[in-house]
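The values are calculated or read from the model by the stated rules, or taken from the named source; none is laboratory data. All figures in this text were calculated on a predicted structure; none of them were measured in a lab. Cβ placement follows ideal geometry from the backbone for every residue including glycine, while neighbour counts extend to all protein chains displayed.
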Amino acid sequence: METTEYRSKMMSKIRSTGGKAETILGKAIWHKGIRYFRNYKKLPGKPDLAITKYKIAVFVDGEYWHGYNYDEIKSGKRVHRNRQYWLKKINYNMEHDRKVNDELKKMGWTVIRFWERHQVFKDLNYCTDTILNAIKSKEGNK
C-alpha cells in the first residue's frame, strides 16, 4: 500500500516539459528538416513544438492528464484514490486544452495534438506524417 508521501514524491518527478515523447517527436521532425521551438512561451499553452514558419503548434498530451478514455477515468476504473480531486483536475486540463486550441486558431495557427503513448510511442511515422501534411497544406495556401 502506497503512502501519501510516496505518491507525492512520485508525482513530483513528472515533468511538464522535455519529456521523452516530445523529444522523440522533435528529433524525428528535425531529421526531416523541420525547425521548431520547444515549449514556445510566446504562444498560449506553450506548445511542446512550435513550427513558427508555418504557424503550427504541436502538443504531446499525456493520456491520464488530458483525459484519454475519460469514461474509464470517470467510472473509477483508473482513479482509485482522491477521485474527486483528479476528476476536477483532468476536467480542468481538458477545458484548458480546448481554450488554448481556440486561442491559437484565432491567431491563425494550426493546432495538432498527439497522445503520448497511443500515438507518439506507438506510431511515430503517423505523427511526423501528420505534421508534414499540415506543412504541405500551409505551403499550398501561400
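A few points about this structure:
- Selection of segment 92-123 for residues being assigned to a helix (DSSP H, G or I) and buried (at least 17 other Cβ atoms within 10 Å of the Cβ) yields Asp97, Val100, Asn101, Leu104, Glu116, Gln119, Val120.
- Checking Lys77, Lys105, Lys42 one by one, the residue that is at pLDDT below 95 and either among the polar types (S, T, N, Q) or on the phi < 0 side of the Ramachandran plot (or both) is Lys77 and no other.
- Number of the exception - Glu139 against (1) in contact (Cβ under 8 Å) with a residue 60 or more places away in the chain; (2) in a loop (DSSP other than H, G, I, E, B); (3) of a type outside the set (A, V, I, L, M, F, W, C): (2)
- Selected residue (criterion: nearest to Lys106 (Cα to Cα)) from residues of segment 36-67 that are outside any strand (DSSP E or B) and among the charged types (D, E, K, R): Lys55
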